[in-house]
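**Q** Handing you a structure now.
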Amino acid sequence: MAATARPRRSVLYMPGSNARAQEKAKSLPADGLILDLEDAVAPDAKATAREQVCASVRGGGYGRKEMIIRVNGLDTPWFHDDLAAACAAAPDAILVPKIESARQVTTVEDLMRRHGAPGSTAIWCMMETPLGILHAEEIAGSSPRLACLVMGTSDLTKDLHALHTPMRLPMLPSLGICLLAARAFGLAIVDGVYLDLQNVEGFRAACQQGLELGFDGKTLIHPSQVEPCNEVFAPSAADVEQARKIIAAFAEAQRAGKGVVVVDGKLIENLHVDNAKRLVALADAIAGMNG
């Protein structure tokens with residue numbers, strides 16, 4: 001379940017109780033959809049939302065979007081019914097909130113096996129509590145079914161008694177710890193949500209910061225955020241052209257028995273080629289989704 005070149009630039013939360021929104025989401029250019037049974041659903045609507053979400057996943061029509069069901073937490077009365085229904089619906093992934101230990105992940109993994117979840121259904125983990133952040137390494141290495149870490153920065157900010165600031169300085173230690181854990185175990189990782197829907201420039205700046213830190217993409221709360229998020233997290237045409245140039249030049253150098261090559265005045269080694277191949281693979285995957 002290691003991270004691949006599958007695009008995860010934009011991963012949009014959709015309320016599980018809103019069937020109309022789920023239908024509209026079929027036409028949105030988001031790379032992934034999180035059909036939410038947790039925070040977006042009132043207690044008396046949980047059962048109805050579960051039925052609607054699972055019906056949406058089974059019904060299909062979402063193209064190449066990655067389909068994720070977020071269940072309620074392990075310590076809630078809805079968790080077991082949510083998980084059983086999600087396993088039967090066979091989404092691309094099941095997102096579990098407030099993960100704080102490797103043991104919780106393996107518990108979910110065991111239950112998914114018992115409920116007959118296909119091997120293609122991955123586990124995604126919300127990283128949104130101080131204890132979860134402190135245990136990020138053990139969580140990231142806990143299961144071969146684990147594919148992605150999702151930052152829950154709103155809950156984390158609350159628990160830290162921190163503030164939402166433009167540069168997100170209070171979040172940087174937690175973001176960095178989770179990024180290190182994800183990359184150490186070959187996982188994907190997506191950034192937390194941006195709450196001020198009116199601040200378009202602020203949102204774009206947050207996306208740019210996430211890209212620079214190393215995130216694969218960002219979770220979103222409104223369809224209007226999808227296209228600018230896709231734009232920021234996609235490699236530019238110039239970047240892809242340069243990457244292809246680096247790959248070709250290095251391959252030619254290797255054929256000549258050389259270990260390094262100079263491209264446009266810059267020394268190119270294996271590490272630059274690896275990054276170039278990653279960018280090209282991502283660009284090809286994005287083109288495949290759009291095509």
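**Q** May I ask you to say which residue of 279, 180 is hydrophobic (A, V, I, L, M, F, W, C), in contact (Cβ under 8 Å) with a residue 40 or more places away in the chain and in the same structural domain as residue 134 (by TED's automatic domain parsing)?
**A** Values: 279 fails: in the same structural domain as residue 134 (by TED's automatic domain parsing).
Exactly one residue qualifies, and that residue is 180.
**Q** Any chance the stretch 126-141 includes a residue that's touching a helix residue (DSSP H, G or I) at 6+ places or on another chain (Cβ under 6 Å) and part of a strand (DSSP E or B)?
**A** Checking the stretch 126-141: at least one residue is touching a helix residue (DSSP H, G or I) at 6+ places or on another chain (Cβ under 6 Å) and part of a strand (DSSP E or B).
**Q** Shifting gears a bit: Quick test for you: out of 208, 242, pick the one residue that is out of contact with any Cys (no Cβ under 8 Å at 6 or more places or on another chain) and assigned by TED's automatic domain parsing to the domain that holds residue 180.
**A** Details: 242 fails: assigned by TED's automatic domain parsing to the domain that holds residue 180.
None of the other options fit; the residue is 208.
**Q** Continuing with this model, one more query. Which one is surrounded by the most Cβ atoms within 10 Å (Cβ to Cβ) among residues in the stretch 87-130 that are of a type in the set (Ser, Thr, Tyr) and within 22 Å of residue 190 (Cβ to Cβ)?
**A** Taking the stretch 87-130 and keeping what is of a type in the set (Ser, Thr, Tyr), we get 101, 106-107, 120-121, 129.
Those left that are additionally within 22 Å of residue 190 (Cβ to Cβ): 101, 120-121, 129.
Numbers: 101: 14, 120: 11, 121: 23, 129: 20.
Restricting to residues being of a type in the set (Ser, Thr, Tyr) and within 22 Å of residue 190 (Cβ to Cβ), the top hit is 121.
**Q** What number of residues within the stretch 159-175 are part of a helix (DSSP H, G or I) and either in contact with an Asp or Glu (Cβ under 9 Å, 6 or more places away or on another chain) or surrounded by 14 or more Cβ atoms within 10 Å (Cβ to Cβ) (or both)? Explain how you work it out, then say what you get.
**A** If we filter the stretch 159-175 for residues that are part of a helix (DSSP H, G or I), which is where we start, we get 159-160, 169-175.
Right, trim to either in contact with an Asp or Glu (Cβ under 9 Å, 6 or more places away or on another chain) or surrounded by 14 or more Cβ atoms within 10 Å (Cβ to Cβ) (or both) and you get 159-160, 170-171, 174-175.
Counting residues in the stretch 159-175 that are part of a helix (DSSP H, G or I) and either in contact with an Asp or Glu (Cβ under 9 Å, 6 or more places away or on another chain) or surrounded by 14 or more Cβ atoms within 10 Å (Cβ to Cβ) (or both) gives 6.
**Q** Could you say which residue among 30, 86, 2 is within 17 Å of residue 150 (Cβ to Cβ), modelled with pLDDT under 95, hydrophobic (A, V, I, L, M, F, W, C) and touching a strand residue (DSSP E or B) at 6+ places or on another chain (Cβ under 9 Å)? Break it down stepwise before answering.
**A** Details: 30 fails: modelled with pLDDT under 95; 86 fails: modelled with pLDDT under 95.
Exactly one residue qualifies, and that residue is 2.
**Q** Here's something else I'd like to know. Please state which one of 15, 29 is buried (at least 18 other Cβ atoms within 10 Å of the Cβ) and either in contact (Cβ under 8 Å) with a residue 60 or more places away in the chain or not polar (S, T, N, Q) (or both). So that I can check it myself, show each step before the final result.
**A** Details: 29 fails: buried (at least 18 other Cβ atoms within 10 Å of the Cβ).
The match here is 15.
**Q** Test residue 56 against the criterion of being closer than 19 Å to residue 118 by Cβ, hydroxyl-bearing (Ser, Thr, Tyr) and free of Cβ contacts under 8 Å to residues at least 60 places away in the same chain, and give yes or no.
**A** Working: closer than 19 Å to residue 118 by Cβ: yes; hydroxyl-bearing (Ser, Thr, Tyr): yes; free of Cβ contacts under 8 Å to residues at least 60 places away in the same chain: yes.
When the stated conditions are applied, residue 56 passes them.
The values are calculated or read from the model by the stated rules, or taken from the named source; none is laboratory data. Predicted model, so just to flag it, every value in this text is computed and none were measured. Quick reminder, even Gly has a Cβ in these numbers, built from the backbone with ideal geometry, and neighbours come from all protein chains shown.
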